[in-house]
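For reference, the structure is listed below as C-alpha cells.
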Amino acid sequence: MRHLIVTGGGGYIGGRVVRRALAQGWAVTALSRSRRGVPVGARHVVWGLGEGLPADVGDAQGAAVIHLAHDWGVRAEANAAGTQALLAGCRAAGVGRFVFVSSQSARADAANIYGRVKWGIEQILDRDGEVSARVGLVYGGPVQAMFGLLCKLTGMTPVLPMIDPWRKVQPIHIDEVAEGLLRLAERGGRGWVGLAAAEGVAFGTFLKVLAREFHGRGLMVLPVPVRFALLACDVSARIPFFPTVDRERVLGLAGTRAMACGAHLAALGLEVAPIEVGLRREVGSRRAILAEGRGLLRYVLGAAPGVDLLRRYVRAVGGGGAVARPWGALRVMEAFAGPVLAGRLDLALALAEASPEGERALMAGSRFGRLARLSLGLVVDGVMLPVRVAAAWWRRG
Amino acid sequence: MGEGVIIVGSGPAGVSAAWPLLQAGVAVTMLDADPGGALPAAPEGTMAGLRGNASRWQVQFGADLAGVAGRGALSPKLGMPLARAVLAGFEAGNRIGVDGFVSLGSLAAGGLSHIWGGAAAVYDAADLAGFPFGEAVLAPSYAAVMGRIGVSQVSGFSPPVGRVWAAAGRRPATDGFELEPARNAVLRADRDGRGGCVQCNLCLFGCHRGSIYHSDQELPALLAMPGFSYRRGARVVRVGVDAGRPVVALSGGEVVRGQRVLLACGTLATTGLVMRALGLARLRLLSNPVAAMAFVVPGLVGAGLPERGFSLGQLAFRLGIGGGVRAAGMLFAADGLPLSTFAGQMPVSRPVALRLARALAPALVLANCYLPGGFSDNAVVLEADGVRLVGRTTAAARAGLREAAQRLRRALAGLGAFAIPGSLTLAAPGADAHAAGTLPMGGDGPGGTDLTGAVSGLPGVHVVDGAALPALPARHYTLTIMANADRIARLLAVA
Ligand SMILES: Cc1cc2nc3c(=O)[nH]c(=O)nc-3n(C[C@H](O)[C@H](O)[C@H](O)COP(=O)(O)OP(=O)(O)OC[C@H]3O[C@@H](n4cnc5c(N)ncnc54)[C@H](O)[C@@H]3O)c2cc1C
C-alpha cells in the first residue's frame, strides 16, 4: 500500500488531505502535536516541528511526505530549521517524494514574514522529487483559518472596509488543493507548482460572492489604505468578541502578486472551479439557501413555512446558489430587488400559494377581516409608493 | 408499404380527415411523431379540493417542480405539466427556429388539442370571405365534425361572469357589441366513453373526465374501422415525390409511400415540410393579434371562492372597431387559476399582491380579444437547416387592439364589470396559437394550394390543417380546420 506521511495532518488543509488520501487508498501517517483534528483511519504519531522524522513513522522508504505543519507562534527561523530537520530525516530514510506546502505570497521580498519564510524554505528543496506547492487563497471545508475569518467578516456587516479590494486573488477550493497535493505526492516534481485558480478575481468580488453564497447578503466593500488597516488590526484585537485580524494576514493580502499556474494545473490534470461553483458544494451555501427560503416564504406568507414547503423551495432553486437579500426590511426593499431576487420572490410566492399553509394564510378570518387586513396592506404600500417610484427610476437608470 | 392514404398527424385535422376516407372504404395509415410515454395524468376531484391539498404543488408544477418558473402570463395553462409535455420537443423535432414569434406546436398524439380551450366557432359568410367556397359547401362538414366531438353552449356561469350575462339581458346591445354564451367542444352528458362536465374547474390541468374534446379520444374508434392503421413515433422529416407518387421519410430513415399524403402536422410543422420540399424561400404566416385584459365586479371582491366552476371561455363577444373590422374574444372567470399568475403583475408588494389576488379572484372577469389575421405581419423563412418564424406586431395591430380594448371596457362597464387599469397586455405574435394561411387554398402565389389542399409541385400531397386556410377571421379556427379537413377528405374519397 502507498504510504503517505502528512505533517500538520490535523489542521485545516491537513485534515482534508488525510481524509482524501484515505479514500484514495493511501496508508496515512499523520504527524502533529496532538490527535485533534486527525481523521479516523489515519495513524497518528506525536510530533512537533523541529523534531526530524520520528523513528516510529513506519516504513518511510519510498513513501511520500506532504509537509503542512507551520508554527505561527515561534520565531520565523524555527520553521525553516524544523523543515530542514524533517527534510534531512526524510532524505536519510529514503522518502521518495517530498511536497512542501508553500504560499502564493512566497517571495524573497514578500511584505509579510510568512511569505519570506515560505520562500526561504523553498530554497532548501533542491533535489528531484522535492517540490513546493504555492497555494492560492483557500476556501471551503471547515470554517477555519483565513477562510473562516473571511466567512465571519462577510456575514457581519453590509459594509466591509478592506485594503485594496481590486487586487486580484487566486482562490482555490480546499478539496482541489487536497487533490493537487495528492497528485504531487504521487508524481513528485521539482521547483514550485502553483495551486490556485489560473484567473484571478478581485478580492472585493471574492468577498461579495462569499457574502452572497454563504450569508445570502449583499456586501459593499469599502477600500481603505493599508496603514489604516494595520491600525484597525491592532484595535480589533482589543474589542471583545470581534474576530481578530492580524497584521500578517493584512500584509499577506496587500503583497499578493499574480501567479501564473495555468500550465501547472493542466500538467496535473486539475480542474479549479470558479468560486461560486466551489462554494455551492459547501454546507454553508445550503444553509444560506435554507435561510433565504425561510425568509422569503415567511415574507410572502406572513407566517412561518413548514418543512415540506421549505424543502420544495430549496429543490426549486436547484443548482443556483443563494441570492443576496437586502439588509433592510423586505417590505421596503422589495421594490429595489434586481431580477434574481425578484425571481426568487416570485418562486416563493408561487410555492407558498400552492401549499396548505398558504391556503390557510389566505383563508384566515372572515371576509370582512380579510378585506380590512388587505386594506391596511394597501395603505402601507401606498405610503411607500414614493419609494417604489424611486426604485423603478433607480432600476432603469 | 401502403397503397392507401397517409395522414401525417393525429391532431384534430388529421383525425377529421381520416373519418370520411375510412367511411368510403379507403385505407388510411396515420403517422404521428409521438415519442411514446404517457402525458401527465389529469388530476381528479375539484379545484376547490385541490386548493389546500398537500399535493397541489405536484399538480401545478410537476413532480420535478419544473413548472414553477411559469411560462407567459397570457395563458397560465402553458406552464402546467400537461402543456409542457404536449409542447415538448416541437421546435427541434420540426427544425423550427423563431424570431419574435411564439411557436406553439406539438409532437404528441392528439397534438395541441390536449391543451386547447375548446372554443368552437362556425364561420359565417363574412368570416369565409377570401375562401374559395361558401357556407353551404362547409355546412355538412361542420355538422359532421360537431356531431363527433360534441359542442355545447355554456349554461352555468361563475358568479362574476354570470352577473355580466344577467346585466346584458336587461340592457339593449350597444353599438356592435354582441355577447353570447360560449360554444365549446365540451360534453354536458356522458357519451362515447367520455364523461359529461361536472364543473370541477380543473380544466387548466387537463380534463380527467374527458369532457373537453381532444382528438386522441377518437383513436379507439378509428382503430376499430377496417383499413385503418396507426403508427406512433413516426416523425416525418421530409416530404417528396418519387416516381410521380408522394413519399414521406421518417426520422429513422424509413420511407413510407402512399397514393396520397395528407399533411396535418399543425400549421407550423406542415409549412416547414412543404417549404423544404419545394425550396420556397418565404411565405406569409397569418396569426390573430391578441390582447388580454382583466375586469372586476366590485360586489364580489373578497367573497369566498366557489366550489364549482369552469375555466374555459364562458361568454363569447364580438365587437366592431370601425372600418368594418370585427374583433372577437372570450370572457373567463379567474376562480380556477393559480393566484401567482396575476399576483405578479400587480404594482404592490408581493405579500399584498397575493392577498389582493385572492380577494379579486372571485370577482374577476378575464378577457382575451383577437383581431383578424390581416393585422398580422409574420413570415416563415427557409434557412439552411429548417425554417424560421419571424413575427412582428404591426402598429395597426397595436392600435386595433387598443381600440378594441377601449370598446370592450365601455361595454363591460355598462354591464357592471370595470377594467383594471394597466391590466391590458398585448401578446407576442404566435401566442394566439392560431397560425394559419401559409399554403392557402385558391392561392396563386408560391405555396398556393387548390380546393383540396393539393400543393402544386408536389403531386399527391395535400395540406389539410390550418396552413391551407386562405384567411383568418377573428374567430377560434380549429372547428373550421376540422370541417375543412373533412371536406377535403370527402372529395378525395371519391376522386
Ligand atoms: C393553449 C391553447 C389553447 C387553444 N384554444 C383553442 C380554442 O379555444 N379554440 C380553437 O379553435 N383552437 C384553440 N387552440 C388551437 C388548437 O389547439 C389547434 O388549432 C389544433 O390543435 C390544431 O390541430 P392540428 O391537427 O392542425 O395540429 P395539432 O393539434 O398541433 O396536431 C399535430 C399532430 O401532428 C403530429 N406531428 C407534428 N409534427 C410531426 C412530424 N414532423 N411528423 C409526424 N407527425 C407530426 C403531432 O404528433 C400531432 O399528432 C388552442 C391552442 C393552444 C395551444
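The values are calculated or read from the model by the stated rules, or taken from the named source; none is laboratory data. Model, not experiment: these values are computed from the prediction. Cβ atoms come from the backbone with ideal geometry, glycine included; neighbour counts cover every protein chain shown. These accessible areas exclude ligands, DNA and RNA; they are computed on the full protein's heavy atoms, side chains included. Shrake-Rupley method; radii C 1.70, N 1.55, O 1.52, S 1.80 Å.
Note on B:Ala139/A:Ala372: beta-carbon distance plugged into 1/(1 + (r/R0)^6) with R0 of 60 Å gives a FRET efficiency of 0.55.
State whether the stretch B:183-263 is rounded, prolate or oblate according to the following rule on the C-alpha gyration tensor (a ≥ b ≥ c being the square roots of its eigenvalues): a/c under 1.5 gives rounded; otherwise a/b larger than b/c gives prolate, and the remaining case gives oblate. It is prolate, given that a/c is not under 1.5 and a/b is the larger ratio. What does a probe at A:Arg257 reach in the stretch A:191-208, counting residues whose amide N is under 17 Å from the point 7 Å along Cα→Cβ? Answer for the stretch A:191-208: A:192-195, A:200.
Site pair A:Phe228 and A:Arg43 shows an inter-label distance of 5.6 nm when each label is modelled 7 Å from Cα along Cα→Cβ.
Here the Karplus relation 6.51 cos²θ - 1.76 cosθ + 1.60, evaluated at θ = phi - 60°, turns the backbone of the stretch A:75-91 into coupling constants of 5, 4, 4, 4, 5, 5, 4, x, 5, 4, 5, 4, 4, 4, x, 5, 4 Hz, with x for every Gly and Pro.
Cα-Cα pairs above 46 Å in chain B: how many percent?
Every Cα pair in chain B considered, those over 46 Å come to 8 percent.
Computed over protein heavy atoms with a 1.4 angstrom probe, the accessible surface ordering of A:Arg134, A:Arg311, largest first, is A:Arg311, A:Arg134. Legend: translational diffusion of the stretch A:283-396 by Stokes-Einstein, Rh = Kirkwood radius over C-alpha pairs, 25 °C, 0.890 mPa s; D = 161 µm²/s.
Once ligands and nucleic acids are excluded and a 1.4 Å probe is used, how much of A:Val380 is accessible, expressed in Å² to the nearest 10? About 60 Å², ignoring ligands and nucleic acids. Under 5 Å between amide hydrogens, built in the peptide plane, is the criterion, and for A:Ser102 it picks out A:Ala133, A:Arg134, A:Val135 among residues at least 5 positions away or on other chains. Considering only alpha-carbon pairs that sit under 8 angstrom and 6 or more positions apart, the relative contact order computed for chain B is 24 percent. Dipole of the protein assembly as shown computed with +1 at Lys/Arg Cβ and -1 at Asp/Glu Cβ about the Cα centre; of B:Val464, B:Ala292, A:Val221, farthest Cα towards the positive end is A:Val221.
Ordering B:Leu22, B:Leu179 from largest to smallest accessible area (1.4 angstrom probe), what's the sequence? Before the final figure, lay out the partial values.
Working: B:Leu22 10, B:Leu179 35 Å².
Reading off the accessible areas and sorting them downward yields B:Leu179, B:Leu22.
3J(HN,Hα) along the stretch B:180-185: 8, x, 5, 9, 10, 7 Hz, from the Karplus curve 6.51 cos²θ - 1.76 cosθ + 1.60 with θ = phi - 60°, whole Hz, x for Gly and Pro. The residue list A:Trp26, A:Cys233, B:Thr393 was ranked by how far each Cα lies along the charge dipole of the protein assembly as shown toward its positive end, using unit charges on Cβ atoms, and A:Cys233 comes out on top.
Residue order by solvent-accessible surface for A:Ser102, B:Ser251 is B:Ser251, A:Ser102, largest first, with ligands and nucleic acids left out and a 1.4 Å probe. Counting only Cα atoms, the stretch A:60-172 measures 55, 30, 26 Å along its principal axes, largest extent leading. Calculated over the stretch A:170-268, the projected area of the Cα convex hull averaged across directions stands at 8.3 nm². Each residue of the stretch B:101-109 was assigned a 3J(HN,Hα) from its phi angle through the Karplus expression (A = 6.51, B = -1.76, C = 1.60, θ = phi - 60°), giving 9, 8, 8, 10, x, 9, 10, 7, 5 Hz with x at Gly and Pro.
Seen through its C-alpha gyration tensor, with square-root eigenvalues sorted a ≥ b ≥ c, the stretch B:84-162 comes out oblate because a/c lies at 1.5 or above while a/b is not bigger than b/c. P(r) tail for the stretch B:219-301: Cα pairs beyond 18 Å make up 62% of the total. Here the convex hull built on the C-alpha positions of chain A has a volume of 170 cubic angstrom per residue. When DSSP beta bridges are restricted to pairs lying wholly in chain B, around 70% turn out antiparallel. Spin-label pair A:Arg311-B:Arg171: with each label point 7 Å from Cα along the Cα-Cβ axis, the two points sit 5.3 nm from one another.
Summarising the amide proton neighbourhood of B:Ala474: residues at separation of 5 or more, or on other chains, whose placed amide H is nearer than 5 Å comprise B:Gly373.
Within the full protein context, the accessible area of A:Arg20 is estimated at about 80 Å² for a probe radius of 1.4 Å. Shown here for the stretch A:145-193: trypsin sites (Lys or Arg not before Pro) in loop regions (DSSP other than H, G, I, E, B) with at most 14 other Cβ atoms within 10 Å, namely A:Arg190. Each label was represented as a point 7 Å from its Cα along the Cα-to-Cβ direction; for A:Thr244 and A:Glu77 these points are 2.6 nm apart. In this structure, the amide hydrogen of A:Arg325, modeled 1.01 Å from its nitrogen in the peptide plane, lies closer than 5 angstrom to those of A:Arg217, A:Gly218, counting only residues at least 5 positions away or on a different chain.
Taking the Cα centre of the stretch A:283-396 as reference, the dipole from Cβ charges on Lys and Arg (+1) and Asp and Glu (-1) amounts to some 160 debye. Across all directions, the average flat footprint of the convex hull enclosing the Cα atoms of the protein assembly as shown is 45.3 nm². Judged by the ratio a/c of the largest to the smallest principal axis of the C-alpha gyration tensor, the stretch B:159-311 counts as prolate, that ratio being 1.5 or greater while a/b is larger than b/c.
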